[in-house]
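Remarks on the structure that follows.
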Amino acid sequence: MNREELLAVDRSHLWHPYASISAPPPVNLAVAAHGTHIRLDDGLELIDGISSWWCMAHGHNHPAIVAAIRAQAEKFAQVMFAGFTHEPAIELAAELVKHTPAGVNKIFFADSGSVAVECAAKMAVQYQFAAGHPRRCRLAALRGGYHGDTAGAMALCDPEGMHQVFHGYLQQNFFLPKPRIPFDGEWDESEFKPMEELLDRHGDEIAAVFIEPVFQGGNAMWFYHPMYMKKLREACSERGILLAIDEIATGFGRIGRYFACEYAGVTPDIMCVGKGLTGGSITLAAAIASEQVAETICATPPGKFMHGPTFMANPVACAAGVASLRLFDSYDWKAKVDAIESQLKRELAPYREHPNVTDVRVLGAIGVVELKTPPSPERVQKLVRETGVWLRPFGPWLYTMPPFVTPPEEISIIVDAMGKML
Ligand SMILES: *Cc1c(COP(=O)(O)O)cnc(C)c1O
């Protein structure tokens, strides 16, 4: 098919994420990607300023990840995980538990971040059931939170966020105010009062509290004070409520720690990982339970965790994950993330004075400019082509999350392109 035919079929038949099918937004036809660049069919090279939805930690098509995928595909691309196991899943488990908090090491592989959140929610409910608290089957989460697009995950997202249409379809969970105190602000005990009150009043109905650690992404692009997580850990432990930490966006170095829960020294009962797990190359995620949660679930009939995806622990995806996690150990990713952080802090700071800007905030390899009036999709597309930088603002947020391997010159180009979108 030539370019026009390809795009005609795309327009006639393909849904794109959060997009109209009758008035489709502009799309770029990608033909190759390498390092920090995505190449379009007309030869234009775009710097990927958002790591292809926050995933592409080491850059596109990293040779080590490509080689791992190719080698595994030639051995076998898939085998069911019930009744079988394989080296890629086992090696990935061994790599993961080197980095998870002590005792959080019972890994359930899932196909995507949202499915990992579903699994974590089911684990929490099944844990309470097994522990003799069948009434504890609701969840609590934060306003401003984002946990995915499937029903259980949507029911944990900010109820005023992007899923309002589905209100009547969703499990009704408890919501707490969005944490107000910024990451580097001064802690004030009043911040935690609403959570404490909720857990006191409804603790006997709540299986777990779900949070994104320190960075609320898809519904807020906001960095909050790590003390909140510390207090939450204590409050949950005192009441037998589980703490589930969604590290899907933050995990694997994105905000300057391998896992964001390290900022608060907090050990979750269940944690979710995804996005960066395969270095952004193939979909794979996991819900990881603590030994105590896993063993409690399995000590009471039905005596097993009731979930089992068809493509669980897909060998090609796991092989990509092993290669990606070994890459993290092979270069100083933290130095790179720290350097991106200082450069973004320095170069984004002047935008604070712009009349269309309400806030600028940076942590790790994430830079956010909050706008009064966001640019239209058409204007964004025009500027993407003019500047050669791929950015995709949403809501009031114009942001960058570059691959960790982005050189300083390209960070400056990204920052300039953001300036043009103000
Ligand atoms: C992206 C994201 C998800 C959902 O992951 P998918 O792979 O898109 O299903 C869940 N939680 C957080 C915090 C995320 O950023």
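All of the numbers you see were taken from the coordinates with simple rules; none came from a lab. For clarity, every value in this text was computed on a predicted model and none was experimentally measured. Virtual Cβ from ideal backbone geometry, glycine too; neighbours counted across all protein chains shown.
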Distance between modelled label sites at Asp416 and Ala349, nm, 7 Å Cα→Cβ extension: 2.1 nm
Whole-number Å³ per residue for the convex hull built on Cα positions in the range 43-133: 169 Å³
Förster-model FRET efficiency, 45 Å R0, Leu6 and Ala94, C-beta, rounded to 0.05: 0.60
Choice from Glu247, Glu378, Glu118 with maximal GNM fluctuation in the chain (Cα, 10 Å cutoff): Glu378
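Note down the magnitude of the dipole of the chain about its Cα centre, charges +1 on Lys and Arg C-beta and -1 on Asp and Glu C-beta and zero elsewhere, to the nearest 20 debye. Let's see the in-between values first.
On the way: 37 positive and 48 negative charges, 69 e Å.
Taking the Cα centre of the chain as origin, the dipole is about 340 debye.
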Dipole of the chain, positive end: most advanced residue of Ile50, Ser330, Phe108 [Cβ charges, Cα centre]: Phe108
Projected label distance in nm at Val31 and Ser376, using a 7 Å step from Cα toward the beta-carbon: 3.0 nm
Nearest-0.05 FRET efficiency for Leu14 and Glu291, computed from C-beta distance (R0 60 Å): 0.85
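Given +1 on the Cβ of Lys and Arg, -1 on the Cβ of Asp and Glu, and no further charges, what dipole in debye does the range 100-192 carry about its Cα centre, rounded to the nearest 20? Each step should come with its number before you reach the end.
Numbers: 8 positive and 10 negative charges, 113 e Å.
Taking the Cα centre of the range 100-192 as origin, the dipole is about 540 debye.
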Values of log10 I(q)/I(0), in the order q = 0.09, 0.11, 0.12 Å⁻¹, for the chain under a Debye, Cα-only, solvent-free model: -0.56, -0.86, -1.03
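Antiparallel versus total DSSP beta bridges in the chain: what percent is that, nearest 5?
The antiparallel proportion sits near 65 percent.
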Full-stretch length increase - His307, Asp329 - with 0.36 nm per residue and alpha-carbon distance subtracted: 4.7 nm
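If you filter the range 183-238 for GluC sites (Glu not before Pro), then keep DSSP loop positions with at most 12 other Cβ within 10 Å, what is left? Write out the running numbers ahead of the final one.
Details: sites: Glu186, Glu189, Glu191, Glu196, Glu197, Glu205, Glu234, Glu238; in loops: Glu186.
Answer by residue number: Glu186.
Under 21 Å between C-alpha atoms is the cut-off here; go through the range 281-418 and count lysine pairs that meet it, provided they're at least eight residues apart or on different chains. Kindly include the intermediate steps, with their values, before the conclusion.
Numbers: Lys334/Lys345; Lys336/Lys345; Lys345/Lys372; Lys372/Lys382.
Total qualifying Lys-Lys pairs in the range 281-418 comes to 4.
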Choice from Ile21, Ile38, Ile211 showing the highest fluctuation, given a GNM over the chain with Cα pairs closer than 10 Å: Ile21
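Would you please name the chymotrypsin sites (Phe, Trp or Tyr not before Pro) within the range 151-210 that are DSSP coil residues with at most 16 other C-beta atoms within 10 Å of their C-beta? Walk me through the numbers before you get to the answer.
Working: sites: Phe166, Tyr169, Phe174, Phe175, Phe183, Trp187, Phe192, Phe210; in loops: Phe183, Trp187.
In loop regions of the range 151-210 (DSSP not H, G, I, E or B), the sparsely surrounded chymotrypsin sites (Phe, Trp or Tyr not before Pro) are Trp187.
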Dipole-positive endmost among Ala264, Gly251, Ala299 within the chain (Cβ charges, Cα centre): Ala299
Residue with peak Gaussian network fluctuation, the chain [Cα springs, cutoff 10 Å], from Leu14, Leu198, Leu46: Leu14
